[in-house]
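The values are calculated or read from the model by the stated rules, or taken from the named source; none is laboratory data. All of these numbers come straight from a predicted model, not from anything done at the bench. Here the Cβ is made from the backbone with ideal geometry for all residues, glycine too, and neighbour counts use every protein chain on show.
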């Protein structure tokens, strides 16, 4: 319904070139538009304002702002008023009876909302004035700024004792972390020697204790290498089952 | 003598001390108490003291003067005042004036949903549930709190104009609606 080509509209006129401010709702946006152009709130040029309003919605949409449904309801209301204003006035009106302006309801809404915006402004000023006064005493919800120094009070003897403790503290042994040497050739020799003794063996039986991952991988590569050299044959009878190693006797 | 009693009571009280309490303890009537406090404040002024006794949120308390605030601010990690957005202030304004009031009424005035703002104000302790409305769905009725009065430095809620007085109130002030001050 309100899907226009914004660029095209921009080319047509410059009304869209307005600073996008944050709005608190459709009435807020409308009030902004009215104030911006110094419009008399009791005589709103509904065609112009409706166009401006819709331009804004498109702008908001264009920069991917979420447009709350309430904004669209207001757009529909504006369009309804606009269409009512375009209709010819009834020729026969009872004398003395004041004709109802389709804009009346909108004006009332805007005025009502503006009143509370004024109260909000009043409150803002009050809070700002009040913030300059500080109540005597302490408030649990207020946290004090941490003092510059993080040191706690300490006697000379405490300090000496601490220094002594630090000096006397036995030097902690730094564990020597050894780099695991991986030598595939060495693993090949190891596997072939075992296989010569055992003839057939499960892969896991190559290790007498829990092997490190590196050891496991190196041994597995060694086994694969031996398979490639036709020294070994591998068999796995079931999926994820044990891998059996068979020695191929030298030809 | 009695001047000093009033001073001591206000000084020692951790929260605003109501006139009623001061009357009970000191035996002075309201008029006398108000007069004594005026005297105290005058003497503070004469002696160039940095604090005054003020009546805020239903009672008397000592406050430092605004001129001291730049220094006192440095004492505190953060401001004691919660940050309120424009939208939150609007909702708070409606609740303050119309209380007790339901969320549907707030929404009607603002023409946009205020649910998150109401929740946020509840969390900040500036409003509270005062009961339930008889209208369909029995919505909660909201009203302002003691903390609200403190935040805005209001003596009591009657310091704010009534809903029906608003138009006149702002007509007489520079805040009036459609003056083009923007």
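Listed values, structure above:
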item: Residues located in the range B:149-161, provided they are touching a residue at least 40 places away in the same chain (Cβ under 8 Å) and facing another protein chain (nearest Cβ under 9 Å); result: B:150, B:151, B:153, B:154, B:160, B:161
item: Scope the range B:119-139; condition away from chain A (no Cβ under 14 Å), in contact with a strand residue (DSSP E or B) (Cβ under 9 Å, 6 or more places away or on another chain) and in a helix (DSSP H, G or I); matching residues; result: B:122
item: Filter result (more than 24 Å from the chain's Cα centre (by Cα) and either under 14 Å from residue B:60 (Cα atoms) or surrounded by 15 or more Cβ atoms within 10 Å (Cβ to Cβ) (or both)) within the range B:20-38; result: B:26, B:28, B:32
item: Selected residue [modelled with pLDDT of 85 or more, within 14 Å of chain B (Cβ to nearest Cβ), more than 21 Å from residue B:124 (Cβ to Cβ) and surrounded by 12 or more Cβ atoms within 10 Å (Cβ to Cβ)] from A:133, A:113; result: A:113
item: Given (1) farther than 25 Å from residue B:12 by Cα; (2) surrounded by 13 or more Cβ atoms within 10 Å (Cβ to Cβ); (3) facing another protein chain (nearest Cβ under 9 Å), index of the condition residue B:85 fails; result: (2)
item: Filter result for residue B:90 (modelled with pLDDT of 90 or more, surrounded by 15 or more Cβ atoms within 10 Å (Cβ to Cβ), within 9 Å of another protein chain (Cβ to nearest Cβ) and under 23 Å from the mean Cα position of the chain (by Cα)); result: yes
item: Matching residues in the range B:40-58 - criterion: being within 11 Å of chain A (Cβ to nearest Cβ) and either at negative phi or touching a strand residue (DSSP E or B) at 6+ places or on another chain (Cβ under 9 Å) (or both); result: B:50, B:51, B:52, B:53, B:54, B:56
item: Cβ-Cβ under 8 Å pairs, at least 6 apart or on other chains, the range A:210-239 side closer than 19 Å to residue A:199 by Cβ, far side in a loop (DSSP other than H, G, I, E, B); result: A:219/A:207; A:219/A:211; A:230/A:248; A:231/A:248; A:232/A:248; A:233/A:248; A:236/A:242
item: Residue B:108 vs. criteria closer than 28 Å to residue A:31 by Cα and surrounded by fewer than 22 Cβ atoms within 10 Å (Cβ to Cβ); result: yes
